[in-house]
Amino acid sequence: MKTMRERERLRIEKSFMVFDLTAEQKEWILEALDSKEWDWFEDCDGCTGVSELHWPTKYFPPCLRHDFDWMRGDGGWDGSKRFYELQRAYGVPVWRSALRSGAVTVVWYGFSRWEKRIKP
């Protein structure tokens, strides 16, 4: 019997074929899954405050990668572009992908400025 972690990893890897991801998009997600910098199964909180109707768990790959970028401090412009591209690859409509990516970009830059102000 497979563990929940193994089942989720398999679901994510199978989704690459279902959604016909490019090699680069697969690499982005696999980097997050294989990183020693975090524990994707424990540290991912999914698309915070937003559910994915067609994905049964919080490990929706675009959000998983976005959480990975955020945890590493790489949530700026490049992270937002990756987030947008992965959402589109997973069938999220243009308007929703753009809205979400724009919102996380604003939060990222607002947070990073606030964080810099409070550090000596």
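Name the single residue that is nearest to S15 (Cα to Cα) among those in segment 76-91 being over 10 Å from the mean Cα position of the chain (by Cα) and surrounded by 13 or more Cβ atoms within 10 Å (Cβ to Cβ). Per the stated criteria, the residue is Y90. Scanning segment 53-75 for residues that are closer than 17 Å to M17 by Cα and open to solvent by 70 Å² or more (accessible area, probe 1.4 Å) turns up just one, H54.
The values are calculated or read from the model by the stated rules, or taken from the named source; none is laboratory data. Treat the numbers as computed from the prediction; the structure is a model and nothing was measured. Here Cβ is always computed from backbone atoms with ideal geometry, including for glycine, and neighbour counts include all displayed protein chains. The protein model used for the area step is the full one, side chains on, heavy atoms only, and it has no ligands, DNA or RNA in it. Shrake-Rupley method; radii C 1.70, N 1.55, O 1.52, S 1.80 Å.
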